Amino acid sequence: MAGSTKRTFKNGDILIRAGERGDCAYVVESGNVEILLEREGQLIQIGTRGPGSIIGEMAMIDDKTRTATVRALEDCTVMEISRDDFSRRVESADPVLKMVMHVIMTRYRDLIGRTQALRFPHIADGAEASENTHKNHAAALGSIKIHNELKNALDRKELTLHYQPIIDLQKMKIAGFEALMRWKHPERGMISPGIFIPVAEESGLIVELSKFALDLACDSVKVLQQAVNPALVPDPLFIAVNFSVKDFAAGSFYDQIEGTLKRKNVKPEQIHLEITETLLMAAPEPAKTALEQCRKLGVNVSIDDFGSGYSSLSYLHHFPIDTLKIDQSFVRAMTTHPASLVLVKSIIALAMNLGMRVVAEGIEAEKEAKILKDLDCAQAQGYWFAKPMPLEDALKFVQNWQAPVISG
Ligand code: C2E
Ligand code: CA
Ligand code: CA
């Protein structure tokens with residue numbers, strides 16, 4: 001798939017010609033353009049667009065010809081969004097959203113057609129004026145920009161994983177690691193997954209990112225396992241990989257997991273799947289089947305951010321779940337808000353009663369570790385033990401492991 005392309009147009013150049021089939025849209029980055037409609041052989045200006053506007057998007061949505069001509073009023077630079085890229089976004093959009101988009105487009109084309117026929121350019125002008133709301137679409141455009149760059153980031157090896165240790169609180173040994181994605185952007189530095197993962201989820205690119213994460217996690221777990229001192233880390237290490245709802249939409253989730261484990265020669269118990277409650281609610285049936293198959297294979301299924309999302313607990317017995325990861329917000333508030341402590345206690349008791357394991361996330365202080373240990377919480381993860389780190393550092397961490405002392 002083509003990446004983002006910057007294009008420049010000189011004053012007077014035609015960016016888009018009415019009647020031609022559109023295969024891309026443009027986001028104006030600098031300069032101004034004019035929108036022209038033909039009337040009785042003459043081009044009439046019905047509006048102008050400046051930086052931040054999107055032009056030519058209609059023909060991409062419904063695969064029809066351009067309704068207007070767009071001409072540069074001065075030298076311009078634009079970012080091109082290819083039809084491929086656009087189709088992929090449309091394909092991964094909510095079906096209702098898709099339908100509404102098509103209805104709006106049909107009505108809009110109809111309106112333009114009628115105004116042209118009736119020769120009332122001012123009505124067309126009004127319709128176009130409403131398009132000025134595009135200027136308010138900065139967030140959406142920002143997301144397209146990140147998406148375009150993210151597509152290339154995989155090929156350019158700008159994406160990697162950092163690993164945060166998960167500690168067995170009772171034995172005070174390393175149990176495994178969580179793989180957390182990092183994007184080393186050549187100009188913008190390290191970009192947080194909090195920014196690029198939602199964009200990848202929206203555009204469907206997450207499926208490729210997840211494949212990459214699973215592959216790399218399989219390689220890394222073998223490297224880390226080889227480095228451990230069995231006296232210090234007796235059980236096989238695991239790496240927990242985060243997955244999103246779109247990963248299950250393709251319908252081949254289980255095949256991908258099984259295939260990758262086989263190809264990489266990794267034991268199923270060495271990979272944990274981390275998914276959120278929201279994911280389970282968004283894709284109940286396909287997710288359930290895929291997760292049941294994964295679990296049968298021996299892959300652990302963990303519910304991430306437990307307690308922060310869906311309020312019903314009924315899904316706990318509906319889905320195959322091995323581990324609950326208590327959301328950081330409860331751990332953070334545990335020492336200051338008695339209600340949060342009660343919640344943490346209840347989640348640990350709930351997990352124990354259901355035969356599930358509990359991991360507490362976001363431990364930043366010794367006293368938090370102590371409370372959780374005393375509550376019989378099985379595992380913990382947080383900056384107090386270690387921050388997420390590159391593989392080289394995780395190797396050193398494993399080799400030089402010294403259990404931190406929890407006093408009191
Ligand atoms: P998450 O899965 O809940 O991951 C835990 C986040 O909490 C990580 O943020 C981690 O660095 C941070 N964290 C760990 N311990 C502490 C602590 O003691 N204090 C504080 N304040 N934070 C702590 P990070 O790496 O920025 O990742 C953010 C989120 O991005 C993740 O939340 C996850 O939802 C998503 N994400 C990261 N990597 C991937 C990935 O490969 N695939 C998918 N689908 N999502 C990912
Ligand atoms: Ca996680
Ligand atoms: Ca989490």
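Criterion first (within 16 Å of ligand 2 (Cβ to nearest atom) and more than 23 Å from residue 375 (Cα to Cα)) does residue 297 satisfy it? Against the criterion (within 16 Å of ligand 2 (Cβ to nearest atom) and more than 23 Å from residue 375 (Cα to Cα)), residue 297 does not qualify. The residues in region 219-251 that are without any contact (Cβ under 8 Å) to a residue 40 or more places away in the chain and either among the charged types (D, E, K, R) or under 15 Å from residue 273 (Cα atoms) (or both) can be counted, and the count is 1. Residue count for region 6-25, restricted to those that are within 15 Å of residue 73 (Cα to Cα) and touching a Gly at 6+ places or on another chain (Cβ under 8 Å): 3. Considering region 202-250, the residues that are assigned to a helix (DSSP H, G or I) and at pLDDT below 90 include one that is farthest from residue 180 (Cα to Cα), namely 249. Hey, any hits in region 287-310 for a residue that's of a type in the set (Phe, Trp, Tyr) and more than 19 Å from residue 376 (Cβ to Cβ)? Within region 287-310, one or more residues are of a type in the set (Phe, Trp, Tyr) and more than 19 Å from residue 376 (Cβ to Cβ).
Just to be sure I understand the filter: pairs with C-beta atoms under 8 Å, separated by 6 or more residues or on different chains, first member in region 301-328 and over 21 Å from residue 179 (Cα atoms) and within 14 Å of ligand 2 (Cβ to nearest atom), second member modelled with pLDDT under 90 and of a type in the set (A, V, I, L, M). Which pairs pass? Pairs that qualify, where the first residue is over 21 Å from residue 179 (Cα atoms) and within 14 Å of ligand 2 (Cβ to nearest atom) and the partner is modelled with pLDDT under 90 and of a type in the set (A, V, I, L, M), are 309/281.
Name every residue in region 316-328 that is more than 10 Å from ligand 3 (Cβ to nearest atom) and polar (S, T, N, Q), in order of residue number.
Of the residues in region 316-328, the ones more than 10 Å from ligand 3 (Cβ to nearest atom) are 316-324.
Residue satisfying the conditions is 323 alone.
Of the set (1) part of a strand (DSSP E or B); (2) surrounded by 20 or more Cβ atoms within 10 Å (Cβ to Cβ); (3) within 16 Å of ligand 2 (Cβ to nearest atom), all apply to residue 183 but (3). Count of region 359-393 residues, restricted to those that are outside any loop (DSSP other than H, G, I, E, B) and among the polar types (S, T, N, Q), is 1.
Tell me which residues, restricted to region 138-163, are at pLDDT 75 or above and small (Gly, Ala, Ser). First the steps, then the outcome.
The initial filter retains those residues of region 138-163 that are at pLDDT 75 or above, namely 145-163.
153, the sole residue that qualifies.
Residues in region 321-357 that are within 23 Å of the chain's Cα centre (by Cα) and assigned to a loop (DSSP other than H, G, I, E, B) were compared, and the one that is nearest to ligand 1 (Cβ to nearest atom) is 327.
Residues in region 282-294: is at least one in the same structural domain as residue 324 (by TED's automatic domain parsing) and within 19 Å of residue 350 (Cβ to Cβ)? The answer is no, given that none of the residues of region 282-294 is in the same structural domain as residue 324 (by TED's automatic domain parsing) and within 19 Å of residue 350 (Cβ to Cβ). Among the residues of region 13-49 satisfying the criterion of being loosely packed, with under 15 Cβ neighbours inside 10 Å and within 20 Å of residue 144 (Cα to Cα), which is farthest from the chain's Cα centre (by Cα)? Going through the qualifying residues, I end up with 30. Might you let me know whether region 269-286 holds any residue that is within 30 Å of residue 172 (Cβ to Cβ), surrounded by fewer than 21 Cβ atoms within 10 Å (Cβ to Cβ) and away from ligand 1 (no atom under 16 Å from the Cβ)? Taking every residue of region 269-286 in turn, at least one turns out to be within 30 Å of residue 172 (Cβ to Cβ), surrounded by fewer than 21 Cβ atoms within 10 Å (Cβ to Cβ) and away from ligand 1 (no atom under 16 Å from the Cβ). Of all residues in region 287-318, those satisfying the criterion of being within 25 Å of residue 331 (Cβ to Cβ) and within 16 Å of ligand 1 (Cβ to nearest atom) are 300, 301, 302, 303, 304, 305, 306, 307, 308, 309, 310.
Within region 297-320, the set of residues being over 21 Å from the mean Cα position of the chain (by Cα) and either at pLDDT below 95 or more than 23 Å from residue 239 (Cα to Cα) (or both) comprises 311, 312, 313, 314, 315, 316, 317, 318, 319, 320.
Looking across region 358-370 at every residue that is of a type in the set (Gly, Ala, Ser) and touching a helix residue (DSSP H, G or I) at 6+ places or on another chain (Cβ under 7 Å), the one that is nearest to ligand 1 (Cβ to nearest atom) is identified as 362.
Filtered by the rule that a residue be more than 16 Å from ligand 1 (Cβ to nearest atom) and buried (at least 19 other Cβ atoms within 10 Å of the Cβ), region 210-224 gives a lone residue, 224.
Considering only residues that are without any contact (Cβ under 8 Å) to a residue 12 or more places away in the chain and either surrounded by 17 or more Cβ atoms within 10 Å (Cβ to Cβ) or more than 21 Å from residue 274 (Cβ to Cβ) (or both), which ones fall in region 339-384? Please lay out each step first, then the result.
First, pick out the residues of region 339-384 that are without any contact (Cβ under 8 Å) to a residue 12 or more places away in the chain: 339-340, 342, 346, 349, 353, 355, 374.
Of everything in region 339-384, those that are without any contact (Cβ under 8 Å) to a residue 12 or more places away in the chain and either surrounded by 17 or more Cβ atoms within 10 Å (Cβ to Cβ) or more than 21 Å from residue 274 (Cβ to Cβ) (or both) turn out to be 339, 340, 342, 346, 349, 353, 374.
Listed conditions (1) assigned to a strand (DSSP E or B); (2) surrounded by fewer than 17 Cβ atoms within 10 Å (Cβ to Cβ) are all met by residue 293, apart from (1). Entry remark, region 173-231: residues being of a type in the set (Asp, Glu) and closer than 26 Å to residue 396 by Cβ number 3 in total.
The values are calculated or read from the model by the stated rules, or taken from the named source; none is laboratory data. Treat the numbers as computed from the prediction; the structure is a model and nothing was measured. In this analysis, Cβ positions are derived from the backbone assuming ideal geometry, glycine residues included, and neighbour counts consider all displayed protein chains.
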